[in-house]
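Engineer: The structure's right below; bear with me while I get my questions together.
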Amino acid sequence: MAKELPKTAKTVVIGGGIIGCSTAYHLGKLGWTDTVLLERKKLTSGTTFHAAGLVGQLRTNANITQLLGYSVDLYKRLEEETGLGTGWKMNGGLRLACNEERWTEVRRQATTAQSFGLEMQLLTPQEAFDLWPLMTIDDLVGAAFLPTDGQANPSDITQALAKGARMSGVSIFEDTEVLDLEIDKGKIRAVVTAQGRIECERVVVCAGQWTRAFAARFGVNVPLVSVEHQYIITESFGVPSNLPTLRDPDRLTYYKEEVGGIVMGGYEPNPIAWAANGIPEGFHYTLLDSNFDHFEQIMEQALGRVPALENVGVKQLLNGPESFTPDGNFILGEAPELKNFFIGAGFNAFGIASAGGAGMALAEWVAKGEPPYDLWPVDIRRFGRPHFDTDWVRTRTLEAYGKHYTMGWPFEEHSSGRPCRKSPLYDRLKAQGACFGEKLGWERPNWFADLFANEEPKDVYSYTRQNWFEAVGREHKAVREAAVIFDQTSFAKFVLKGRDAEAALSWIASNDVAKSVGSLVYTQMLNDKGGIECDVTVARTAENEYYIVTGTGFATHDFNWIARNIPAEMHAELVDVTSAYSVLSLMGPNSRAVLEKVTGSDVSNAAFPFGQVRTIGIAGCPVRALRITYVGELGYELHIPIEYATTVYDVLMASGGELGLVNAGYRAIESCRLEKGYRAWGSDIGPDHTPVEAGLGWAVKMRKNIPFRGREAIERQLSGGVKKRLACFVPDDADAVLLGRETIYRDGKRVGWLSSGGFGYTLGKPIGYGYVRNPDGVTEDFVLSGTYELDIARQRIPCKVSLAPLYDPDMARIKA
Ligand SMILES: Cc1cc2nc3c(=O)[nH]c(=O)nc-3n(C[C@H](O)[C@H](O)[C@H](O)COP(=O)(O)OP(=O)(O)OC[C@H]3O[C@@H](n4cnc5c(N)ncnc54)[C@H](O)[C@@H]3O)c2cc1C
């Protein structure tokens, strides 16, 4: 007789695919045995049952790579632990390169793998052939081999995870669809099924392609859409069972051995969206009709690589839908819109590879309120306004799918769904040669082409210096020697208001924000481990009001962090005012002189010193001017009610011309900030790094007796020391191209990787930042006493290290 549903549970996991089962398994391991998993039909009956089962590990982010590495470790031992077969085989994974640019990409990936501690060998074509004798190699330049990659049977792994979960005490119910949730005043109370309701505090939605529609009913946005994905399964033709998996990105295809035959699939440049109007009723253990016409382009590519396929019978062309996302990464974490509503979905055809790690991370997130480490690339809070429009999401997702195997160029931009969010200056800047990039839907000028010299405002991608190198150099020089305007309208801006605004922000911010009205404070916001959750500028605009500015991409994340951390008993409300203000950043040694020409307000250093905010008048506009800089020069961020933006811009440009004022873009900002040593959240700093480790200890109010979140962790580090420290690296070779993730060697020993890389034009050299790590502790002395090399695309080059900024405008010279 079927078990009865319990009346209560601490946590309900919705969905019995590989992700739900892995999450339930890990909740059980954490002792959260009062967990119930509900599956609408049968376990694996959604997408999981028809996955090909390749398990690769390398991603461009260290922590996501670590997550996938965890999957491998788990799959290795799961069969022994549960007694159920998993089909796990660690035959390794090959990746081919068929042209010089791809070979550079593969060599850079090999450096990335080495940085993250993952073994990846570079092979000659013949060595690759020895591992994979079915393929032709006449077009190969080289290959890479990851010995710990593998393959598994997706359904078997899922059943083993489910068994492991049950062994820990988790209950699993099949044929039990969650029909509804009961939510009362923003609190989850129960899940409702046809078999009864279960009172619960938390739900974890791992409902695959069904997740978006399900979550939307409760106001939660999960931007994923379904896309068709096909692969063939051949008859057996004696393929050895120890064959590694193979990825042939230049031919858009992947391969694995299966019962003596081959599974081969690929990523068409013209993917087909599925179920745009909703997933049909009764879709379980269901496949779509094989689409031979569409697969022909993939088949042709494969025949060129594996000629034997010509004469082998194809058992099946399997067409299954899978959920894909606009940036090709999955979606994990607690929904910003609803507390205790967790998501694990959108796995972009690497859900089998991800499930072990993703389930582990999600279970920790549920049980401990935070992930085990920074998971920003997959964090649900990385999305924003455009992602509420499913049509926009679908357009962008199809682009991302089509680019799955294309070259992953440095500085590559998406082209679909643009322009979406435009600053009022967009048309003006475009007419002046702006080449735009895009972030969270916003069009942002990256650099300006000289239209009079017939330069084209278009990125030409390459692994060497790109076509915009000189143009950005011109803008950089203008920042250092004259003045520029950066259109930074896309900045996220919030107002925190209420009688307890100061007390609330003092708790959330690690720097002292209890300053007089008119003050500006650069501050981090920390988690309990002292990790940097937000990196923002805070202006006190009234006794009970703060104006908070943060990076474009962090709008949802930072809003959520601040709002959730306002102590319950305090009266303070956070409002997103991003769309109310344009931001023109007037930067450079002549910026004050430019401002003096357009305002009657006193902007002298005495009246308007650094770290202050003033309202000044320009052309009838009340401009909120923040005296601050991210480029290391005198400068002002001008926050302007949006209807005034073009007026103020025109007045500034008309008056500033004789002082050398020109437009400049985000790539010049990046170059200047690297020279000045300003940290970037998401790369140099984040939840895994504390201000002490990042060299930002000066911005923490330790000398004041004000409690704030994360204080104890910082105290512990200040007394006990740290195990890593952010440092700056300058290669001796001025032509080296640093992109981030290059391996750092200290006295010949691997100690970390670059979190940022770029070029400093005043310095005339590449600049990188990265943490120097040592389990026995890292002091300033330890950092500075080493001899360093950077590994770039598997070549080591000597470099200098520094803990101080390379550029100091007061000294007007470069220090390094
Ligand atoms: C053709 C193809 C090939 C692939 N190859 C690979 C590969 O080689 N390697 C790899 O790593 N990945 C691969 N994948 C991807 C992988 O299959 C998926 O990422 C993974 O299976 C997703 O698992 P999931 O648990 O998120 O979703 P699903 O398996 O779809 O599970 C979601 C479950 O939720 C249930 N559900 C939905 N709504 C409710 C509700 N209201 N109440 C209760 N239950 C509900 C559904 O019935 C379903 O069982 C492939 C995918 C496809 C389509």
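Engineer: Specify which of the listed residues (Val521, Val495) is in contact (Cβ under 8 Å) with a residue 24 or more places away in the chain, surrounded by fewer than 20 Cβ atoms within 10 Å (Cβ to Cβ) and in contact with an Asp or Glu (Cβ under 9 Å, 6 or more places away or on another chain).
Structural biologist: Val495
Engineer: Would you pick out the residues in the range 305-329 that are within 13 Å of the ligand (Cβ to nearest atom), outside any loop (DSSP other than H, G, I, E, B) and within 27 Å of Leu58 (Cα to Cα)?
Structural biologist: Within the range 305-329, Leu318, Asn319, Gly320, Pro321, Glu322, Ser323, Phe324 qualify.
Engineer: Just the residues that are within 12 Å of the ligand (Cβ to nearest atom) and assigned to a loop (DSSP other than H, G, I, E, B), please, taken from the range 330-359.
Structural biologist: Phe330, Gly346, Phe347, Asn348, Ala349, Phe350 - these are the residues of the range 330-359 that are within 12 Å of the ligand (Cβ to nearest atom) and assigned to a loop (DSSP other than H, G, I, E, B).
Engineer: I'd like the residue in the range 97-127 that is within 18 Å of Leu252 (Cα to Cα) and hydrophobic (A, V, I, L, M, F, W, C) and, out of all such residues, is farthest from the chain's Cα centre (by Cα).
Structural biologist: So, considering only residues that are within 18 Å of Leu252 (Cα to Cα) and hydrophobic (A, V, I, L, M, F, W, C), the one farthest from the chain's Cα centre (by Cα) is Cys98.
Engineer: Now a separate question. Does Leu652 satisfy being in contact (Cβ under 8 Å) with a residue 60 or more places away in the chain and not in a helix (DSSP H, G or I)?
Structural biologist: Taking the combined requirement at face value, the residue does not satisfy it.
Engineer: Kindly indicate which of Glu334, Glu364, Glu412 is touching a residue at least 24 places away in the same chain (Cβ under 8 Å), surrounded by 24 or more Cβ atoms within 10 Å (Cβ to Cβ) and of a type in the set (Asp, Glu).
Structural biologist: When all the criteria are applied, what remains is Glu334.
Engineer: Taking the range 257-286 as the region of interest, how many residues are within 31 Å of the chain's Cα centre (by Cα), assigned to a loop (DSSP other than H, G, I, E, B) and of a type in the set (A, V, I, L, M, F, W, C)?
Structural biologist: So the answer is 4.
Engineer: For the list (1) within 32 Å of the chain's Cα centre (by Cα); (2) within 16 Å of the ligand (Cβ to nearest atom); (3) not acidic (Asp, Glu), I need the number of the one condition that Phe388 fails.
Structural biologist: With respect to (1) within 32 Å of the chain's Cα centre (by Cα); (2) within 16 Å of the ligand (Cβ to nearest atom); (3) not acidic (Asp, Glu), Phe388 is out only on (2).
Engineer: Quick one: how many residues across the range 562-580 are closer than 23 Å to Asp650 by Cβ and over 26 Å from the mean Cα position of the chain (by Cα)?
Structural biologist: Summing the residues that are closer than 23 Å to Asp650 by Cβ and over 26 Å from the mean Cα position of the chain (by Cα) in the range 562-580 gives 1.
Engineer: Now a separate question. Gly164 - would you say it is more than 16 Å from the ligand (Cβ to nearest atom) and not hydroxyl-bearing (Ser, Thr, Tyr)?
Structural biologist: no
Engineer: Within the range 172-193, which residues are more than 10 Å from the ligand (Cβ to nearest atom), surrounded by 20 or more Cβ atoms within 10 Å (Cβ to Cβ) and more than 31 Å from the chain's Cα centre (by Cα)?
Structural biologist: Ile172, Ala190
Engineer: Of all the residues that make up the range 631-656, how many are surrounded by 22 or more Cβ atoms within 10 Å (Cβ to Cβ), within 34 Å of the chain's Cα centre (by Cα) and not small (Gly, Ala, Ser)?
Structural biologist: So the count comes out to 7.
Engineer: Within the range 501-512, does at least one residue satisfy the condition of being closer than 25 Å to Arg716 by Cβ, touching a residue at least 60 places away in the same chain (Cβ under 8 Å), touching a Cys at 6+ places or on another chain (Cβ under 9 Å) and buried (at least 18 other Cβ atoms within 10 Å of the Cβ)?
Structural biologist: Within the range 501-512 (the criterion being closer than 25 Å to Arg716 by Cβ, touching a residue at least 60 places away in the same chain (Cβ under 8 Å), touching a Cys at 6+ places or on another chain (Cβ under 9 Å) and buried (at least 18 other Cβ atoms within 10 Å of the Cβ)), the answer is yes, since at least one residue qualifies.
Engineer: Might you check whether a residue that is under 30 Å from the mean Cα position of the chain (by Cα), over 24 Å from Asn663 (Cβ atoms) and polar (S, T, N, Q) occurs anywhere in the range 535-556?
Structural biologist: yes
We did not get these values from a lab; they are worked out from the coordinates using the rules stated. Just so it is clear, the model here is predicted, and its values are computed rather than measured. Methodologically, a virtual Cβ is constructed for each residue, glycine included, from the backbone with ideal geometry; neighbour enumeration extends over all protein chains shown.
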